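Q: I have a structure I would like to understand better, so I am pasting it below and will then ask my questions one at a time.
The values are calculated or read from the model by the stated rules, or taken from the named source; none is laboratory data. The structure displayed is predicted, hence computed values, not measured ones. Counting neighbours? That spans all protein chains shown, and the Cβs are built from the backbone with ideal geometry, glycine included. Heavy atoms of the whole protein, side chains included, go into the accessibility calculation; ligands, DNA and RNA do not. Shrake-Rupley method; radii C 1.70, N 1.55, O 1.52, S 1.80 Å.
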Amino acid sequence: MTVTTQAPARTDYVALAAELAGRFAERAARHDAEASFPHENFAELVASGYTAMTVPREYGGGGAGLEELCRAQETLATGCASTSFAVNMHVHGIAMIAGIGGPAAERAYRAIAQDGAVIAGGFSEPGVGGNWWHPTTKAEPVEGGYLLNGRKGFFTGFPAADLLFLSAARTDDRGLPEPVGFLVPKPERGVTVTAEWDAAGMRATGSHSLLLDDLFVPEDRMVGRPGALPLMFMQGVHWAWCSFASVFLGIARGALEQVVREQRGRTLHVLDRTVAHLPGVQFRVAEMRTRLAAAEAHLYQAVRADHDTAIAADPLGHYIEMSVMKNSVARLAHEVVVLAMQVQGGSALLSGHPLQRAYRDVVAGLLVPPNSDVTAEWAGKHALGVPVFAEPRWEG
């Protein structure tokens with residue numbers, strides 16, 4: 001007798017995101033007002049399997065590709081941008097870790113798929129900006145592993161984290177700093193929150209500042225080989241920048257949907273019909289749709305590119321191209337929300353209106369490194385055949 005088995009049903013993560021976004025939207029205003037972390041949202045993300053989306057199927061995950069990830073994150077952001085932004089650190093981080101693999105990555109896959117573990121990543125540091133391949137956190141070799149000392153900023157999703165993805169620099173055989181990455185269980189000692197996240201936008205992301213003080217990390221928690229961290233950023237940047245761009249695209253799409261709903265129902269005493277009949281409103285809504293379409297086209301052109309070929313041919317060029325796309329989408333998304341504010345008028349500034357939250361949240365897209373000036377410099381130099389990191393950068 002032959003027994004056949006069927007693979008588990010494939011989850012539609014975009015449909016799941018739409019279901020979750022509806023519930024998350026009901027809580028978004030409260031978490032924004034309180035700057036509180038949406039623990040209940042993360043509990044639902046874990047319980048539904050959303051956080052296992054990008055874990056490979058052979059480890060019990062969803063095996064979602066880049067486009068499905070971006071479509072899902074865009075959809076989730078229409079409900080709660082902070083939740084979408086915070087969980088993005090986890091879902092795109094898993095995919096980037098896959099690029100360098102090894103036992104630490106496989107251990108993380110199982111923890112996520114089987115135990116519902118959540119990853120938060122810490123690469124931003126004071127004085128480093130977006131140059132994440134030059135960490136100032138020190139990794140001092142000790143018996144069995146390393147002691148980490150340094151400071152981390154913008155550690156998004158920290159309140160929900162079970163695993164911390166940390167960057168540091170050890171000293172190589174030549175006496176030069178060598179970047180390394182570690183994936184460690186959230187420790188009881190050695191990590192201190194020095195400042196809780198309190199910002200104008202993305203207020204519910206839990207992007208705390210941390211102090212690493214003699215944090216012991218076992219040798220086997222290193223991700224990939226020493227020095228591989230910059231290559232991981234270059235090889236996996238499409239997972240990062242495309243998914244982050246999708247969050248801001250989702251904010252803009254939500255703003256357009258909000259404005260259209262409201263203008264269809266708003267009336268003025270001097271009109272015998274809704275505000276939707278005013279030419280100025282129509283023109284701005286049309287412009288919102290145009291810019292949203294441009295942002296979507298740029299994002300999903302990047303999503304569907306042949307990344308393996310691009311990386312093999314020119315990893316730095318690939319990184320720059322994805323950075324240009326991320327900044328372009330973020331800028332267009334910001335413009336869409338500004339237009340939404342103009343259509344809505346003064347009521348959009350009221351603390352209870354969803355558009356004022358969208359306006360504060362979408363600005364974060366303009367600030368996520370690498371910033372627009374640096375990206376433009378890289379892109380221009382690369383196109384002109386000028387060494388991208390040549391010093392001095394400018395001569396007077």
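Q: Can you tell me which residue within segment 10-27, out of those that are over 19 Å from the mean Cα position of the chain (by Cα) and of a type outside the set (Gly, Ala, Ser), is farthest from Gly250 (Cα to Cα)?
A: Only one residue fits best here, namely Arg10.
Q: Might you let me know whether segment 228-246 holds any residue that is out of contact with any Ser or Thr (no Cβ under 6 Å at 6 or more places or on another chain), of a type in the set (A, V, I, L, M, F, W, C), open to solvent by less than 10 Å² (accessible area, probe 1.4 Å) and over 30 Å from Ala168 (Cα atoms)?
A: No: zero hits.
Q: Would you be able to say whether some residue in segment 188-198 is open to solvent by less than 40 Å² (accessible area, probe 1.4 Å) and under 16 Å from the mean Cα position of the chain (by Cα)? Break it down stepwise before answering.
A: First, pick out the residues of segment 188-198 that are open to solvent by less than 40 Å² (accessible area, probe 1.4 Å): 190-191.
Remaining after also requiring under 16 Å from the mean Cα position of the chain (by Cα): none.
Scanning segment 188-198, I find no residue that is open to solvent by less than 40 Å² (accessible area, probe 1.4 Å) and under 16 Å from the mean Cα position of the chain (by Cα), so the answer is no.
Q: Within segment 343-359, how many residues are polar (S, T, N, Q) and surrounded by 15 or more Cβ atoms within 10 Å (Cβ to Cβ)?
A: Adding up the residues that qualify gives 2.
Q: So for segment 146-161 (the condition being under 19 Å from the mean Cα position of the chain (by Cα), open to solvent by less than 10 Å² (accessible area, probe 1.4 Å), at pLDDT 90 or above and of a type in the set (Val, Ile, Thr)), does at least one residue qualify?
A: yes
Q: Conditions first: (1) open to solvent by 20 Å² or more (accessible area, probe 1.4 Å); (2) modelled with pLDDT of 95 or more; (3) charged (D, E, K, R). Lys326 passes all but one, so which condition is the exception?
A: Answer for Lys326: the failing condition is (1).
Q: Please find, among Pro141, Pro126, the residue that is modelled with pLDDT under 90, over 27 Å from Asp308 (Cα atoms) and open to solvent by 10 Å² or more (accessible area, probe 1.4 Å).
A: Pro126
Q: Right, next: If you go through segment 207-216 one residue at a time, do you hit one that is surrounded by fewer than 16 Cβ atoms within 10 Å (Cβ to Cβ) and within 23 Å of the chain's Cα centre (by Cα)?
A: So far as segment 207-216 goes, yes, one or more of its residues are surrounded by fewer than 16 Cβ atoms within 10 Å (Cβ to Cβ) and within 23 Å of the chain's Cα centre (by Cα).
Q: While we're on this one: Could you give every pair whose Cβ atoms fall below 6 Å, whose first residue belongs to segment 130-154 and is more than 13 Å from Gly190 (Cβ to Cβ), and whose second residue is modelled with pLDDT of 95 or more and in a loop (DSSP other than H, G, I, E, B), counting only separations of at least 6 or pairs across chains?
A: What qualifies is Phe154/Ser207.
Q: Assess whether Arg107 counts as being closer than 30 Å to Val46 by Cα, outside any strand (DSSP E or B) and open to solvent by 40 Å² or more (accessible area, probe 1.4 Å).
A: Yes.
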